[in-house]
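Enquirer: Let me begin by handing over the structure; questions about it come next.
Since every read-out is calculated from the coordinates, none of them should be taken as a lab result. Predicted, not measured: the structure shown is a model, and the values here were computed from it. Using ideal geometry, Cβ is built from the backbone for each residue, glycine included, and neighbour counts are taken over all protein chains shown.
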Amino acid sequence: MKKTSPDIMVVRDLNFFDAKLKRSLGSKGKLAEVTKLSYSSVTHMNTVGVSYGVATRVAEALHTNIDELFIAKKA
């Protein structure tokens, strides 16, 4: 069975992510509230990573394409 989505996604470009965040919601706290994530999850997206489903929710909250914000984390 072929896998359709990666297990873990990380932020592709932190500067781009921060710019989108600032324009759309203003803060990581607001992003956490809107996506129902913990603040810790939001602050560690670029190192620890998030599931594909969470990455999708974040991209929707920031009104952008998931591929612009995230890449699959290499094992």
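Enquirer: Using modelled amide H (1.01 Å from N, peptide plane; none on Pro or chain starts), what sits under 5 Å from the amide H of F70, excluding residues fewer than 5 places away?
Expert: Those lying under 5 Å, H to H, from F70 are R12.
Enquirer: Sticking with this one: Taking 0.36 nm per residue of sequence separation and subtracting the Cα-Cα distance, how much length would be gained by fully extending the chain between K36 and V48, in nm to one decimal? Numbers along the way, then the final one.
Expert: Values: separation 12, 0.36 × 12 = 4.32 nm, distance 1.78 nm.
Working it through step by step, the gained length comes to 2.5 nm.
Enquirer: Let me ask something else about it. As a test of understanding, state the convex hull volume per residue of the chain from its alpha carbons, in Å³. Intermediate results must be reported in sequence, preceding the final value.
Expert: On the way: hull volume 6.3 nm³, N = 75.
In the chain, the Cα convex hull volume per residue is 84 Å³.
Enquirer: Rounded to the nearest 0.05, what FRET efficiency do F16 and K73 give with R0 = 30 Å and r taken as the Cβ-Cβ distance? Could you check?
Expert: Values: r = 17 Å, r/R0 = 0.58.
It comes to 0.95.
Enquirer: Here's another thing I want to ask about it. Using a 10 Å cut-off around each Cβ, can you sort V48, V58, V11, V34 from fewest to most neighbouring Cβ atoms? Don't skip to the end; give the middle numbers.
Expert: On the way: V48 12, V58 27, V11 20, V34 15.
Ranking V48, V58, V11, V34 by Cβ neighbours within 10 Å, fewest first, gives V48, V34, V11, V58.
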